[in-house]
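Undergrad: Here it is: the structure, laid out below.
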Amino acid sequence: MLDRWDPAPAAARAGGDEGNRRLHQRWVKFIDRKEKPTIANVAISELAGWCWSLAVLEE
């Protein structure tokens, strides 16, 4: 995945890294609370909108 980041604009790379860290932190919190995986998946799906915002990011 990191190889695909090289051609991306710096703002997209920074945002992608921030999003990955945010997703991981949220996932760990759900697992720590012993949430059902489907509930965790639905709750974290809000990141799809964030990913879309990166796709349309203008420099």
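Undergrad: Show the residue pairs meeting these rules: Cβ distance below 7 Å; 6+ apart or different chains; first residue within the range 29-54 and in contact (Cβ under 8 Å) with a residue 40 or more places away in the chain; second residue of a type in the set (Gly, Ala, Ser) and not in a loop (DSSP other than H, G, I, E, B).
TA: If the second residue must be of a type in the set (Gly, Ala, Ser) and not in a loop (DSSP other than H, G, I, E, B), the pairs left are Leu54/Ala12; Leu54/Gly15; Leu54/Gly16.
Undergrad: Looking only at the range 18-49, how many residues end up being surrounded by 14 or more Cβ atoms within 10 Å (Cβ to Cβ), modelled with pLDDT under 75 and closer than 25 Å to Ala8 by Cα?
TA: Counting residues in the range 18-49 that are surrounded by 14 or more Cβ atoms within 10 Å (Cβ to Cβ), modelled with pLDDT under 75 and closer than 25 Å to Ala8 by Cα gives 2.
Undergrad: If you check every pair at least six apart or on different chains, which have Cβ atoms under 8 Å apart with a residue in the range 10-21 that is free of Cβ contacts under 8 Å to residues at least 40 places away in the same chain first and a residue that is of a type in the set (Gly, Ala, Ser) second?
TA: Pairs that qualify, where the first residue is free of Cβ contacts under 8 Å to residues at least 40 places away in the same chain and the partner is of a type in the set (Gly, Ala, Ser), are Gly16/Ala8.
The values are calculated or read from the model by the stated rules, or taken from the named source; none is laboratory data. Just so we're clear, the structure is a prediction, and the values are computed from it rather than from any experiment. Cβ atoms come from the backbone with ideal geometry, glycine included; neighbour counts cover every protein chain shown.
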